[in-house]
Amino acid sequence: MDIFPSNRILVKKASGELEPFDHEKVKNSLQRAGANPQLATDILKMVESEIYEGITTRKIYQKVFAHLRSAGTHLAARYNLKRALMELGPTGYPFERYFARLLEHDGYNTLVGQQIKGKCVWHEIDVVAEKEGGKFMIEAKYHNVPGIKTDTKVALYVYARFLDVSAGDGFTQGWLVTNTKLTRDARHYCECVGLKYLSWDRPDGGGLRDLIEKTPLYPVTILQTLSPKEKSTLLGEGIVTVQDLLKNLESIPARKRADAQKEAQNLIDQVATVS
């Protein structure tokens, strides 16, 4: 017997499309955030009783987030990861710096915002990464609005740039990285020409979300104890991860330091426990 009849309710995605409410998807996202199975089930039942036909996925997120936050700030922070990445703005530079930090954690040497001469023209490369003899040209496509996908035109553009810089400066592979999603055609094109791609949830098991959750390097924008203005100030100072903040607590108001330090440390400790 289905105890969650709300999975037949249609909900509206950020793109405007309608889809059935998927309680398993919500439950899995809660458990990924660190909620134990019982807490995830309890929150899901509360949310299931509050939703209605045509409710937006954003409204559902807000309801889940509110219930989760009452159970633990660090849990709400992890659940907020996708939106935290969208707060790494308004320009794409903090996202580039953040992605470079993720790569460094995985043993890459990185440089951000480099001017590289290709065979024909100069290019500004978002991230240059090197590891084990490979040299990678990485184009980071940052979006701060839900529902926007990176399409084939972008993949074509990135591959054309890679061909030019590989001929001029010995790059071995091009990467296309985005904090949202790629269209199906964009993914197929990348696979066809050998352009590595990394989006929010692709490739399966190795997307941006998976990469972040395997490290303690959460973006500083994930912290619930900080205001949008305080987060923006930190990004302006080059503080892009919770680790950066722990080393620069003087960059936030004194009244917030103890709570921010506790929340940041809880996030890091939770990753260590799972690992």
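None of the figures in this text is laboratory data; all of them are computed from the coordinates on show. Here the structure is a predicted model, which means the values were calculated and not measured. Glycine gets a Cβ as well: all are built from the backbone with ideal geometry, and neighbour counts include every protein chain shown.
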³J(HN,Hα) computed for each position of the stretch 231-243 - Karplus, 6.51 cos²θ - 1.76 cosθ + 1.60, integer Hz, glycine/proline x: 5, 4, 4, 5, 4, x, 8, x, 8, 10, 10, 5, 5
Chymotrypsin sites (Phe, Trp or Tyr not before Pro) within the stretch 28-105: DSSP coil, no more than 12 neighbouring Cβ in 10 Å: Tyr52
Helix-derived mean residue ellipticity, 222 nm - over the chain, DSSP H n ≥ 4, -39500 (n - 2.57), to 500: -14500 deg cm²/dmol
Cleavage-rule hits (trypsin sites (Lys or Arg not before Pro)) in the stretch 12-85: DSSP loop, at most 15 neighbouring Cβ within 10 angstrom: Lys13
28 Å Cα-Cα reach of Lys27 towards lysines, excluding residues that sit fewer than 8 places from it in its own chain: Lys12, Lys13, Lys45, Lys59, Lys63, Lys82, Lys149, Lys181, Lys214, Lys262
Separation of alpha-carbon centers, the stretch 162-210 and the stretch 115-160, rounded to whole Å: 9
Cα shape, the stretch 165-223, gyration tensor, a/c 1.5 rule: oblate
Over the stretch 220-274: Kirkwood hydrodynamic radius from C-alpha pairwise inverse distances, Å: 11.1
Loop-resident sites, the stretch 53-146, for GluC sites (Glu not before Pro), counting at most 13 other Cβ within 10 Å (DSSP): Glu53, Glu132
Relative contact order, percent, the chain [alpha-carbon distance under 8 Å, six or more residues apart]: 15
Average projected area [Cα convex hull, the chain], square nanometres: 15.8
On Cα atoms only, tilt of 93-105 relative to the major axis of the chain in degrees: 90
Relative exposure of Ser29, Ser199, judged by other C-beta atoms within 10 Å (fewest first): Ser29, Ser199
